[in-house]
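K.L.:
Take this structure first; my questions come after.
The values are calculated or read from the model by the stated rules, or taken from the named source; none is laboratory data. In this text, all values refer to a predicted model and were calculated from it rather than measured experimentally. Methodologically, a virtual Cβ is constructed for each residue, glycine included, from the backbone with ideal geometry; neighbour enumeration extends over all protein chains shown. Protein only, heavy atoms only, side chains kept; ligands, DNA and RNA dropped before computing areas. Shrake-Rupley method; radii C 1.70, N 1.55, O 1.52, S 1.80 Å.
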Amino acid sequence: MVCREASANEGRWPDSRAFVIETLPFFAVLASALLHATWNAIARSGPEPGDVLASGVMASGLISIPFLLWFGMPSAQSLPWLFAGVVINTIGIRLAMAAYRSASFGLAYPVMRAGIPLLTLPIGVVILGEWPRPAGVVGVLLIASALIMLALAARRSGKSEMRGLGYALLAAVAGAGYVTADAGGVRLSGNIFGYAFLVALGNALAIGCMYVAEGRNPVAMFPRHAPRAFVIAAFSTSSFLLYVWALSQTPVALAAALREVSVLFAVGIAQYVLKEEVGRFQWLAAALAVAGVVAIRIA
């Protein structure tokens, strides 16, 4: 989605506004990363993190409606990709809910974020025939090392953390799937923002249907978490808009790599805000994951 937006601007810099173009997107992406880690931490910090996360998704769908009316619908050609992405994302959200119930935020979030680029690289090889350069291979090895370190940390923490680690890894698999689906759909959408807000609405409806299928009432559940849910929705939407704007001003590889600093933000939030026990081992693993993502992005 965002890669398409960025490609239209390649080759347009530098110019007389170079300082503004380089500086403002830099802070915009950092703010986007912080907001992304923060709204996930808000979801994890509640007594019912799974329900809070689901409520946040539903709130995002509600606030997307006026934006969708403003930007309009994407093309019909993109809708099969959008549907596939929504289905896969719903599975991923369900797995993330399970991960947040079982594991600490400082473990689950870095695994889910780092696992996505680790898995999208082989998808690119199999589906698109895009073989990585040496830097990409180094990136894969760094992220794999980080995930192994986090797995060892989880093993020392007990069975609950190990179960949460498994859910987080599966959520990363789903994340790689819906990223691939969205990448295909947005190229056919003719309307990036219309596509994005329709995805948000589709995710909200899918989560509601999932609750109904599980014998639960999402309408009765949502009001209990509404205040936190709308904060999550505001943070996640703001994070996305900042990121897309930055990508329209600066090369996609640099912005995308910088956004993965959210992994480090998440570990910091886990230690200093959520008061989770985060050791040097986890900090090192998070740093390796970020370095690996940067290597993949610039490969």
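K.L.:
When the Cα centres of region 199-233 and region 52-100 are compared, how far apart do they sit, in Å?
P.N.:
Each part reduced to its Cα centre gives a spacing of 11 Å.
K.L.:
How much length is gained if the chain between I148 and N191 is pulled fully straight, taking 0.36 nm per residue apart and subtracting their Cα-Cα distance, in nm to one decimal?
P.N.:
11.5 nm
K.L.:
For region 204-220, take each phi angle, set θ = phi - 60°, evaluate the Karplus expression 6.51 cos²θ - 1.76 cosθ + 1.60, and give the result in whole Hz per residue in order, putting x for glycine and proline.
P.N.:
Once rounded to whole Hz, the list reads 4, 5, 5, 5, x, 5, 4, 5, 4, 5, 8, x, 10, 9, x, 5, 6.
K.L.:
Moving on. Sorted by packing (mean other beta-carbon atoms within 10 Å per residue), highest first, where do 228-234, 270-276, 33-39, 77-83 land?
P.N.:
In descending order of packing, they fall as 33-39, 228-234, 77-83, 270-276.
K.L.:
I need the shape label for region 193-250. Rule: rounded when a/c is under 1.5, else prolate if a/b > b/c, else oblate, with a, b, c from the alpha carbon gyration tensor.
P.N.:
In terms of gyration-tensor shape, oblate.
K.L.:
What figure, in Å² to the nearest 10, do you get for the accessible area of F27 with a 1.4 Å probe and non-protein molecules left out?
P.N.:
Surface open to solvent at F27 totals about 120 Å².
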